[in-house]
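Comments concern the structure below.
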Amino acid sequence: MERILENKVALVTGAGSGMGRASALEFAAQGAKVLVVDYVPQGGERTAAVIKDKGGEAIFLQVDVTNPAQVEAMVKKAVDTWGRLDFAHNNAGIEGTFGPTAEGTLDNWNRVLGTNLTGVWLCMKYEIPQMLKQGGGAIVNTASAAGLRAVDGLSAYCASKHGLIGLTKVASREYAKAKIRINAVCPGPIETPMLQRIIDVSRTLAPASTAGATPIGRSGKAEEVARAVVWLCTDAASYVTGVAMPVDGGYVT
Ligand code: NAI
């Protein structure tokens, strides 16, 4: 099969687990060189090793997406290593704690917004100038079905993902003429360590998060989201920018 991203360079944040790992593997399967980014080394190193075992090219870099200097160094690493940055999947995220809005802590609010919203803004702040220099690129931010509808008990998370969709839309308009396409994916319940934590922590939330809540009748696989992410980066999606694309088995419909 033709590898459609040969000679391209991608970075994926949160690539040590779940959907980030799946998209790093999918970018590599399509021929891209991949900068695997996570703040947990074990998972990220494993992802890079799997890519190399399959004959692909990957490097792991430990980065906390809430740290501006580390995020700047992340983009520099891709450019120093491979000379360019074509695609970025800004995917690192945390769910935070559960409970009614008035019972949340300021610490939880700041951690969740700091990672899921400010962290993605920081990534784009350094990715976009590099793509402008090159004359284009594509960015996909991982939002959530919780960016399109409410999930009780997760107000900080929902606020961060709604905000991320707004951020994605504004940036997509600002850089459209510069040939940088910027989109979001909005996964529904996807079988990853995060979903398992959500199910474990809150049995009351579980029915809304898992199989029964989707018209398709099952939760999703990380690979099903990864294929959408990579598609959004390819020329097949050349006229798609500023969308918040549900990949959710019909959950928000
Ligand atoms: P996961 O917990 O399996 O993986 C998230 C990865 O992000 C981990 O490897 C973690 O170490 C990394 N990470 C977290 N904070 C970081 C930081 N500050 N800097 C660098 N890396 C960091 O979670 P999953 O499910 O793969 O989630 C990926 C994205 O998808 C997240 O943004 C999440 O909010 C979103 N999402 C997940 C859904 C699900 O059902 N699993 C549904 C909708 C959205």
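Only the coordinates and a few stated rules stand behind these numbers; no lab work does. Nothing here was measured: the structure is a model prediction, and the numbers come from that model. Cβ placement follows ideal geometry from the backbone for every residue including glycine, while neighbour counts extend to all protein chains displayed.
Key figures for this structure:
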item: Potential lengthening between Thr253 and Met194 on full extension [0.36 nm per residue; Cα-Cα distance subtracted]; result: 19.0 nm
item: Part-to-part distance (alpha-carbon centres) for region 100-153 and region 178-199, which is given in Å; result: 11 Å
item: Extreme residue, positive dipole direction of region 9-247, given options Trp109, Phe87, Gly99 (C-beta unit charges); result: Phe87
item: Normalised contact order of the chain, rounded percent, pairs of Cα under 8 Å and 6 or more residues apart; result: 19 percent
item: Theoretical gain in end-to-end length, Thr101 to Leu132 [0.36 nm per residue, Cα-Cα removed]; result: 7.1 nm
item: Virtual paramagnetic centre 7 Å along Cα→Cβ of Tyr239, amide N under 15 Å, in region 179-196; result: none
item: The chain, helix-only ellipticity at 222 nm - DSSP H runs n ≥ 4, -39,500 (n - 2.57), divided by all residues, nearest 500; result: -13500 deg cm²/dmol
item: Two-decimal log10 I(q)/I(0) for region 9-247, as the Debye equation yields it once each C-alpha is a single scatterer, q = 0.09, 0.12 Å⁻¹; result: -0.34, -0.61
item: Extended-chain gain in nm, criterion 0.36 nm per residue less alpha-carbon gap, Arg227 and Val201; result: 6.5 nm
item: Spin-label pair Lys179/Gln62, simplified geometry with 7 Å Cα→Cβ offset, distance in nm; result: 3.8 nm
item: Kirkwood hydrodynamic radius (C-alpha pairs) into Stokes-Einstein, region 134-253, 20 °C and 1.002 mPa s, D in µm²/s; result: 144 µm²/s
item: Region 98-179, relative contact order [Cα under 8 Å, separation at least 6], %; result: 42 percent
item: The chain - share of DSSP beta bridges that are antiparallel (%, nearest 5); result: 0 percent
item: Straight-distance crosslink candidates among lysines, where the alpha carbon sits under 27 Å from Lys125 and sequence neighbours closer than 8 are dropped; result: Lys8, Lys33, Lys76, Lys77, Lys133, Lys161, Lys169, Lys177, Lys179
item: 10 Å Cβ shell holding at most 12 others, DSSP loop, GluC sites (Glu not before Pro): longest site-free stretch of the chain; result: 7-253
